[in-house]
Structure formats: structure tokens, C-alpha cells
1. Go through the stretch 187-221 and give me each residue that's among the polar types (S, T, N, Q) and either closer than 13 Å to Ile47 by Cα or in contact with a helix residue (DSSP H, G or I) (Cβ under 6 Å, 6 or more places away or on another chain) (or both).
2. Could you list all residues from the stretch 238-255 that are surrounded by fewer than 24 Cβ atoms within 10 Å (Cβ to Cβ) and in a helix (DSSP H, G or I)?
3. Tell me whether the stretch 113-122 contains one or more residues that are under 23 Å from Leu256 (Cβ atoms) and buried (at least 23 other Cβ atoms within 10 Å of the Cβ).
4. Report whether or not Val200 is touching a residue at least 60 places away in the same chain (Cβ under 8 Å) and assigned to a loop (DSSP other than H, G, I, E, B).
5. Quick check: anything in the stretch 225-244 modelled with pLDDT of 95 or more, hydroxyl-bearing (Ser, Thr, Tyr) and in contact with an Asp or Glu (Cβ under 9 Å, 6 or more places away or on another chain)?
6. Tell me which residues, restricted to the stretch 99-120, are part of a loop (DSSP other than H, G, I, E, B) and among the small types (Gly, Ala, Ser).
7. Look through the stretch 45-61, keep the residues that are under 23 Å from Met98 (Cα atoms) and aliphatic (A, V, I, L, M), and return whichever of them is nearest to the chain's Cα centre (by Cα).
Amino acid sequence: MRLAASCAVGAAAIAMTVIGVPGQAGYAKAEGGQQDGKVQRQVAIVIDDFGNGMTGTQEMMQLPVKLTTAVMPFMPTTKQDAELAYRLGHDVIVHMPMEPVRGKPEWLGPGAIMTTMNDAEIRKRVEAAIDDVPHAVGMNNHMGSKVTADERVMRVVLSVVKERGLFFLDSRTTYKTVLPKLTAEMGVPLLSNQVFLDDVYSTAHIAKQVGLLRKYLEQNESCITIGHVGPPGKLTAAVLKDAIPRMQPDTRFVRLSQLLKPSPEQEIVPHS
């Protein structure tokens, strides 16, 4: 269901790069803040799978930094979790269920996008999902390794995302993603995941992934990392609660929307 984090780190020439939106300035890779004359690295923590009263929800919401909460639509606590996250100053994005190459259909949840659907049905489901998640400023894919590799389907999804003024976060569940190509063509702001924290549900693995995140920051000014509520929720929250204070002297924790910085360039070519 999820791509190993070490693979996610090694991917993505387009990490943190987005393309200008018509009528607006372009967006560029975010620069780190300054602290004592040094560049302060930026980390955006994205937590997936809110909306179903999942284990670890309270612990994640209480972390001492701003997060991005990816909330599944049409679930029992969708609106409750989105409203709480908004009140706490976190970003809210739609965690859009999308068909995977492999995985159980019941993992998807209601309102999922399938590659067998026609364009009108896809559009209807994306619009309904955005309407169901209060305060959403963006969207990312829940599962979706099959959908995010399908140009026809993603073109419809991204057209709605653009119309609603949202950005898209590619969770990077497949190397075959068409998102860099389509977002550049369509003018949709794009961000990309670098590190999955909890693709294995153990404290030792999650701590190792935090180490991988820190290693990534040695060569990059910012990093997007994805964790989850649910089975690993309390473990991931505990590891983050321990790691955050130790990282804060040289790391600034930001919401995803803070990585979308205006730039005078009309178009930014993806980094290689």
C-alpha cells in the first residue's frame, strides 16, 4: 500500500518545486530561514488518515509544532478532525482515496477514484470530497499507485484542484507518477513527499526514518515527510515528540502551504 521511505528519499527530481499558476506569481523552492547566520532547514510533517477516529489522533494534534493534516472525506470524524486541526493552526488537506495497483478495496474508504470511471464521475467525486473536508487548502493521494500513474484520470483530478485554488502533494506511492508532467503543463502547484516515517509499524523503524530525514536535510533546505494515524499513530507521535525538540535548534517545522513561496519567475523548471 505504501512505498518504502528509503525509496521515496531517492526519488523525485521535482521535490519542493512547483509551477506558476495563471494570474499569480510562480512558486519556487522554499528558502530556509536564518538563525545565527546559518540556513535553518525546513520540515513539513504531513499526517495521513485523519477522519475515522483513528488511534493516535489526539497525540498527533498535540505535537508542539504546526502540522499538515490529511483528512479522508466522508468518514465519521472527517469534519471534527478538520475543524480541530484548523483551530490549532494546522494545514488541512483532502486525503483523496485513489485506486492502488495492489491493496484491499476496503482500505480505500468511500468516494474513491478508480481508473474505470469516466471523466464526469471522477470530477463529481473530487468535487464532493473537497466539499466534505472543511478548510482544505490542498490534496494528496490515499494509496493511489494506479491512479497517479494514469494521465487521463489525473488530468481530471488536477483540473478540479486547480479550479478550487488548491495545491497537490504527491505522496509518491509509485515511481510512475504523472504528476510532475501534468502539474507543470496545467499550472497546478505541486509538492512531493521525500520520507515515509511509518511504512513499518515499529518504534525502531520510525526512529530510523527520522534519522533518514535528518540525513536528507544535510543536502537539502527542506523536506516533506509523511506519517499516519491508525496502527502506527501513537508510535509515530511518540517518536516525533522526542525528535522535534532535538531538531529545533537548526530546523523549522512548517505547514505545507508555507513551502509555497511566491517568486518573480513565471515558470520554474523542475530541479534535476
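1. Taking the stretch 187-221 as the starting set, the residues that turn out to be among the polar types (S, T, N, Q) are 192-194, 202-203, 209, 219-220.
The answer is Asn193, Gln194, Thr203, Gln209.
2. To start, the set of residues in the stretch 238-255 that are surrounded by fewer than 24 Cβ atoms within 10 Å (Cβ to Cβ) comprises 238-239, 241-255.
Matches in the stretch 238-255: Ala238, Val239, Lys241, Asp242, Ala243, Ile244, Pro245, Arg246, Met247.
3. Looking through the stretch 113-122, at least one residue is under 23 Å from Leu256 (Cβ atoms) and buried (at least 23 other Cβ atoms within 10 Å of the Cβ).
4. Values: touching a residue at least 60 places away in the same chain (Cβ under 8 Å): no; assigned to a loop (DSSP other than H, G, I, E, B): yes.
No: the conditions fail for Val200.
5. To start, the set of residues in the stretch 225-244 that are modelled with pLDDT of 95 or more comprises 225-244.
Pick out the ones that are also hydroxyl-bearing (Ser, Thr, Tyr) and you get 225, 236.
Now restrict to residues that are in contact with an Asp or Glu (Cβ under 9 Å, 6 or more places away or on another chain): 236.
The answer is yes, given that some residue of the stretch 225-244 is modelled with pLDDT of 95 or more, hydroxyl-bearing (Ser, Thr, Tyr) and in contact with an Asp or Glu (Cβ under 9 Å, 6 or more places away or on another chain).
6. The first filter runs over the stretch 99-120 and keeps only residues part of a loop (DSSP other than H, G, I, E, B), leaving 99-104, 108-112, 114-118.
Within the stretch 99-120, Gly103, Gly109, Gly111, Ala112 qualify.
7. Val46
The values are calculated or read from the model by the stated rules, or taken from the named source; none is laboratory data. Fair warning: this is a prediction, and the values are worked out from it, not measured in the lab. When we count neighbours, we look across all protein chains shown, and the Cβ atoms used for this are built from the backbone with ideal geometry, even at glycine.
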